[in-house]
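First comes the structure, then the notes that go with it.
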């Protein structure tokens, strides 16, 4: 992607986040997004199939950056700290876009639901840690490992969805402590005083 395309994507990203904060992204038209970003309508389709698709891509990109920053190449001895740090970073990301996530994780989100995107991303992070041998899980085969990754991912999403119902400022440490109590002892960052919870993002 050249500099011009990067600039256009940045404008579209900022515009879709602003529009999705103000109201349901399903109600945002391609024309409205293009106007907000100051680009031609046809330009939007060069980056996404719809405003909802672009919103997912923008959020996923931010989460992917956090995964790369905190989890790639983690040794077993550093896994607990990395999980705690990335969990904090993910919660900051969610809190920054709280209106988007509250709407996107709610029961009324419909086709604009962000649950699938988050689940796929979180599962990918768990699987990355397993592939790196950052930690091990009590699994007999790949199906077990996939089930464990899905369990951790979807459980975390549920906890985040509830956490978002709290008014700001939201207590990240309290969330970490709660989810740390809910996760099994073999999960990095859990155990006495750790409170990291399932933060492999």
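None of the figures in this text is laboratory data; all of them are computed from the coordinates on show. Just so it is clear, the structure is predicted and the values come from calculations on it, not from any experiment. Every residue, glycine among them, receives a Cβ derived from its backbone with ideal geometry; neighbour counts consider all protein chains shown.
Structure above, values below:
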| quantity | calculated |
| --- | --- |
| Acute angle (nearest 10 degrees) that the helix 172-182 long axis makes with the longest principal axis of the chain, alpha-carbon atoms | 50 |
| Helix-only CD estimate at 222 nm, as mean residue ellipticity for the chain, using -39500 (n - 2.57) per DSSP H run (n ≥ 4) | -21000 deg cm²/dmol |
| Between helix 115-131 and the chain: long-axis angle, C-alpha atoms, 0 to 90°, nearest 10 | 40 |
| Intensity falloff of the range 50-182 expressed as log10 I(q)/I(0), Debye formula with alpha-carbon point scatterers, at q = 0.10, 0.14, 0.18 Å⁻¹ | -0.33, -0.65, -1.08 |
| Label-to-label distance, nm, for residues given as residue 81 and residue 22 (7 Å Cα→Cβ offset) | 4.5 |
| Cα-based shape type of the range 1-120, given that a ≥ b ≥ c are square roots of the gyration tensor eigenvalues and the cut on a/c is 1.5 | oblate |
| Helix axis angle, 3-22 relative to the chain longest principal axis, alpha carbon, degrees | 80 |
| Linear extension gain, residue 140 paired with residue 3, 0.36 nm per residue minus alpha-carbon span | 44.6 nm |
| Length added when fully stretched, residue 159-residue 41, from 0.36 nm per residue minus Cα-Cα | 38.7 nm |
| Peptide ranges 34-45, 139-150 listed from the most packed, as the mean C-beta count within 10 angstrom indicates | 34-45, 139-150 |
| Gap separating the Cα centres of the range 143-189 and the range 1-67, nearest whole Å | 29 |
| Sites residue 131 and residue 60, calculated FRET efficiency, Cβ-Cβ separation with R0 25 Å, nearest 0.05 | 0.80 |
| Ellipsoid semi-axes in whole angstrom, largest first, where each is sqrt(5λ) of the Cα gyration tensor of the range 10-54 | 14, 11, 9 |
